[in-house]
Amino acid sequence: MRLGRKKTEAGQDADAATEGAVEEAVALPPQSARDVADVDADEVAEYVDLGSLLIPPRPDTELRLQVDEASGQVLAVLLLDAEGMLELRAFAGERNGDLWSDVRREIAADTAQRGGTATEQDGPLGPELYCQIPVELEDGTNGVQPSRVIGLNGPRWFLRAALLGRPAIEHDAAEPWIETIRQVVVRRGTAPLPPGDALPLQLPPDAQRIE
């Protein structure tokens, strides 16, 4: 999958909950998540190594990987608990670039086409989007699925995080997830990739496969 080049297919992407028309807010300077080169090797050894993403251990949290059944490609990392979910994806970026500014506009345009809204707001990690997407609920009635989409620019990479469930709408519920995002480590690798291309994720033997 490539970010910022074409739309993903329905059903492969928890991004369906992450897109809409943007209202401007005062933007904070782009923030950076952690790069593997800046993290002590002993600390990394405690993380779950998924290739381009190293995930910190978090009590009472289930780790899943979203996998394309046709290709076997891992599309996203999902962390779940009783209150909500965090989706993580990493992409190639430009050195000292700001891919997140471009991606916010793309998310907004795509959400508008889906009949949803996305409001730009200042979050603890910089500019983010609060998104609301119309959905059909299990009982057949219409509802709205909220999400918070956070983007972090790093050295030649970009990390996209989406919060769903209570963490998307309640500050107290979001705080532990925000700390998890801060602790995520990105391993860019040396392969030449155009900005927006997904960084490869690897599937551990004990990971749960979901569509």
Residue list for the range 5-61, filter: modelled with pLDDT under 75, of a type in the set (Lys, Arg) and within 16 Å of the chain's Cα centre (by Cα): LYS7
Check whether at least one residue in the range 174-187 is among the aliphatic types (A, V, I, L, M), assigned to a helix (DSSP H, G or I), touching a helix residue (DSSP H, G or I) at 6+ places or on another chain (Cβ under 6 Å) and modelled with pLDDT of 95 or more, and report yes or no. yes
Neighbours by Cβ (under 9 Å, 6+ apart or cross-chain): first from the range 123-138, closer than 20 Å to ASP110 by Cβ and part of a strand (DSSP E or B); second among the acidic types (Asp, Glu) and modelled with pLDDT of 90 or more: PRO127/GLU120; GLU128/GLU120; GLU128/ASP122; LEU129/GLU120; TYR130/GLU120
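Yes/no matrix, rows are residues, columns are (1) part of a loop (DSSP other than H, G, I, E, B); (2) of a type in the set (Phe, Trp, Tyr); (3) at pLDDT below 95:
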{"position": "LEU63", "(1), (2), (3)": "no, no, yes"}
{"position": "SER71", "(1), (2), (3)": "yes, no, yes"}
{"position": "LEU79", "(1), (2), (3)": "no, no, no"}
{"position": "ALA82", "(1), (2), (3)": "yes, no, yes"}
{"position": "ALA90", "(1), (2), (3)": "no, no, no"}
{"position": "ARG95", "(1), (2), (3)": "yes, no, yes"}
Taking the range 145-162 only, how many residues are more than 19 Å from TYR130 (Cα to Cα), assigned to a strand (DSSP E or B) and of a type outside the set (A, V, I, L, M, F, W, C)? 1
Considering residues that are surrounded by 16 or more Cβ atoms within 10 Å (Cβ to Cβ), in contact with a Leu (Cβ under 6 Å, 6 or more places away or on another chain) and not β-branched (Val, Ile, Thr), the number found within the range 128-150 is 2
Within the range 191-206, of all residues that are more than 14 Å from the chain's Cα centre (by Cα) and within 20 Å of TYR47 (Cβ to Cβ), the one surrounded by the fewest Cβ atoms within 10 Å (Cβ to Cβ) is PRO205
Checking ASP102 against (1) closer than 29 Å to VAL48 by Cα; (2) out of contact with any strand residue (DSSP E or B) (no Cβ under 6 Å at 6 or more places or on another chain); (3) outside any strand (DSSP E or B): exactly one of these is not met. Which one? (1)
Identify all residues within the range 130-150 that are at pLDDT 95 or above and either closer than 19 Å to VAL184 by Cβ or among the small types (Gly, Ala, Ser) (or both); write none if there are none. SER147, ARG148, VAL149, ILE150
Sort out which residues of the range 132-186 are under 26 Å from GLY115 (Cα atoms) and among the β-branched types (Val, Ile, Thr), and write them in order of number. ILE133, VAL135, THR141, VAL144, VAL149, ILE150, ILE169
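The values are calculated or read from the model by the stated rules, or taken from the named source; none is laboratory data. Just so it is clear, the model here is predicted, and its values are computed rather than measured. Every residue, glycine among them, receives a Cβ derived from its backbone with ideal geometry; neighbour counts consider all protein chains shown.
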